[in-house]
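See structure below.
The values are calculated or read from the model by the stated rules, or taken from the named source; none is laboratory data. This structure is a prediction, so every number in the text was calculated from the model and none was measured. Backbone-built Cβ (ideal geometry, glycine too); neighbour counts: all protein chains shown. Ligands, DNA and RNA are stripped out before the accessible areas are found, and what is left, the full protein with its side chains, is counted by its heavy atoms. Shrake-Rupley method; radii C 1.70, N 1.55, O 1.52, S 1.80 Å.
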Amino acid sequence: MLSYEDRRDTLISRFNGTTDTVRLGKDTSNLFRDRSQTRQPLLNVRSFNHVLNVDRDHRWVEVEGMTPYADLVAATLPHDCMPCVVPELKSITIGGAVSGVGIESTSFKYGLVHETVLEMEVLTGNGDLVICTPNNEHRDLFFGIPNSYGTLGYVLKLKASTVKTKPFVRLEHIKHTDAKAYFEHIQILSTQDISFLDGVMFEPGNYYISIGNFTDDAPYQSDYTYNYMYYQSIREKEVDYLTTRDYIWRWDTDWFWCSKNVGAQNPLLRPLFGRKRLNSIFYTKVMRWNTKWGFTRYYNRFRGIHTESVIQDIDVPIDRAHEFYEFFDEEIGIRPVWICPVVAYNKSAEYPLFPMDQNETYVNFGFWDVVRDKEARLTGFYNKKVEDIVEKLGGIKSLYSDVYYSRDKFWQIYNQEAYQTLKRKYDPNKRLKDLYDKCVLRN
Ligand SMILES: Cc1cc2nc3c(=O)[nH]c(=O)nc-3n(C[C@H](O)[C@H](O)[C@H](O)COP(=O)(O)OP(=O)(O)OC[C@H]3O[C@@H](n4cnc5c(N)ncnc54)[C@H](O)[C@@H]3O)c2cc1C
């Protein structure tokens with residue numbers, strides 16, 4: 001294998017060898033919006049998927065930008081550490097989670113993935129290679145890359161903080177029946193010395209908080225990689241034990257609970273999937289195939305059902321979370337909903353393209369399903385309702401899926417002035433797309 005430096009230099013000369021607008025050539029993507037088929041040349045970055053160095057004592061890992069978390073975790077756990085925030089889906093890459101915003105059950109302690117980054121080496125739109133840190137001459141790009149979706153530059157290598165691990169995780173699942181008390185309890189727990197904190201809201205009156213703590217020993221270990229499903233265990237067990245590796249990937253086997261959409265939860269069909277296909281990478285392929293050929297679309301039309309895909313992660317301040325839940329229960333009604341508290345890791349750090357109040361505790365609501373309707377609705381009817389209430393409650397929405405904001409509203413939320421300043425400096429010839437065109441117009 002060529003060294004990182006050799007592959008990097010080859011990539012840069014390939015990038016500078018043309019003036020075309022390019023797009024990333026990667027094996028997988030977790031973007032969830034149909035993009036227009038373009039003839040833009042692909043910049044093949046597939047080989048930038050290596051873990052370069054794990055410094056167990058100083059708690060950091062040096063890794064190439066297109067490394068999927070499955071490989072990053074496999075490389076760090078033997079050193080009794082893991083990246084501070086590891087998104088749940090194995091194919092999410094660290095560069096994609098930094099540029100596209102990533103979250104997990106340690107975010108109440110370490111914030112979002114980009115808040116745990118120490119340094120990045122970026123190929124910018126104007127073909128330069130810059131090293132950016134929180135304090136050097138490229139600190140504007142260091143804080144500007146999060147939520148830029150590859151429109152300012154590509155992260156080829158980065159250093160990220162790690163946290164010490166133990167072999168097992170002891171889980172405690174706490175039931176709540178009142179949504180207000182539920183969020184109040186999460187607020188209290190998010191100030192305590194625990195290792196992991198997230199939750200699931202099932203039907204009304206069935207809300208669960210899952211607290212996880214590293215342990216050296218476990219009386220038993222549960223296995224949710226085949227016959228049993230993690231999300232169902234939350235309601236069945238008050239206490240549970242998993243290996244740390246299985247805890248990290250607890251949501252990947254059934255894509256949270258979205259595996260139901262491909263029939264993988266049907267006890268007759270599940271064995272046909274086998275261990276090898278029970279994972280988010282396989283489900284994403286099936287979902288993309290279905291979107292392309294419109295299988296469910298025709299089937300629903302035949303049954304006179306109108307559907308709208310509502311696949312989103314949104315963050316609202318915790319003291320408004322109850323109001324969001326009431327709206328969501330009334331107007332959208334998708335269940336279950338994933339709940340994950342987020343607290344800024346570094347209160348003085350500001351990320352202009354994903355503005356959050358660094359002194360506030362937020363709750364991430366993750367919901368990924370379709371809303372079925374007897375009535376035909378205008379495009380984005382339900383997604384727009386979500387966008388409106390998130391703004392009203394002082395929240396912010398991830399951009400990895402469908403976005404319906406007008407250009408003015410979008411730039412009001414995602415900081416046009418800061419973006420344009422960065423774009424003029426790092427991609428003056430617009431070799432990389434514009435954020436609005438990419439995330440909303442799907443160009
Ligand atoms: C069902 C579902 C559940 C999800 N749940 C979670 C969750 O729980 N936690 C979470 O963190 N995220 C979640 N996501 C969102 C996901 O993390 C983001 O979409 C993330 O950006 C995907 O990363 P990726 O590596 O797959 O990147 P891609 O999908 O390939 O790319 C995402 C964007 O980042 C850009 N990009 C990719 N790599 C780089 C790079 N090296 N440098 C610069 N730009 C780059 C791409 O151009 C693209 O615009 C979920 C998504 C789905 C569909």
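Which residue, of 98, 122, is near the ligand (Cβ under 8 Å from one of its atoms) and in a helix (DSSP H, G or I)? From the options 98, 122, the qualifying one is 98. Among the residues making up region 263-278, a single one is in contact with a helix residue (DSSP H, G or I) (Cβ under 7 Å, 6 or more places away or on another chain) and open to solvent by 30 Å² or more (accessible area, probe 1.4 Å): 265.
Scan region 274-287 and give yes if some residue there is over 18 Å from the mean Cα position of the chain (by Cα) and in a loop (DSSP other than H, G, I, E, B), otherwise no.
Initial filter on region 274-287 (over 18 Å from the mean Cα position of the chain (by Cα)): 274-278, 286.
Those left that are additionally in a loop (DSSP other than H, G, I, E, B): 278.
The answer is yes; a qualifying residue exists.
Condition test on residue 369, is it part of a helix (DSSP H, G or I) and of a type in the set (D, E, K, R)? No, not satisfied.
Does region 392-410 hold any residues that are assigned to a helix (DSSP H, G or I) and either surrounded by fewer than 17 Cβ atoms within 10 Å (Cβ to Cβ) or among the polar types (S, T, N, Q) (or both), and which are they? Answer for region 392-410, where residues must be assigned to a helix (DSSP H, G or I) and either surrounded by fewer than 17 Cβ atoms within 10 Å (Cβ to Cβ) or among the polar types (S, T, N, Q) (or both): 392, 407, 408, 409.
All conditions in (1) exposed (fewer than 13 other Cβ atoms within 10 Å of the Cβ); (2) at pLDDT 95 or above hold for residue 34, with the sole exception of (2).
Identify, from the list 146, 134, the residue that is surrounded by fewer than 22 Cβ atoms within 10 Å (Cβ to Cβ), more than 30 Å from residue 278 (Cβ to Cβ) and either in contact (Cβ under 8 Å) with a residue 12 or more places away in the chain or near the ligand (Cβ under 9 Å from one of its atoms) (or both).
Details: 146 fails: surrounded by fewer than 22 Cβ atoms within 10 Å (Cβ to Cβ).
From the options 146, 134, the qualifying one is 134.
For region 47-94, filtered to residues that are out of contact with any helix residue (DSSP H, G or I) (no Cβ under 9 Å at 6 or more places or on another chain) and open to solvent by less than 10 Å² (accessible area, probe 1.4 Å), the residue that is nearest to the ligand (Cβ to nearest atom) is 76. Pull out all pairs, ordered by first then second residue, where Cβ-Cβ is under 8 Å, the residues are six or more apart or on different chains, the first lies in region 337-365 and is under 13 Å from residue 395 (Cα atoms) and acidic (Asp, Glu), and the second is at pLDDT 95 or above and part of a strand (DSSP E or B). Partner pairs satisfying both residue conditions: 357/317; 360/317.
Of the residues making up region 149-162, just one is part of a loop (DSSP other than H, G, I, E, B), near the ligand (Cβ under 7 Å from one of its atoms) and not hydroxyl-bearing (Ser, Thr, Tyr), namely 150. Just one of (1) in contact (Cβ under 8 Å) with a residue 24 or more places away in the chain; (2) on the phi < 0 side of the Ramachandran plot; (3) among the basic types (Lys, Arg); (4) assigned to a loop (DSSP other than H, G, I, E, B) trips up residue 438, so point out which. Exception for residue 438: condition (4).
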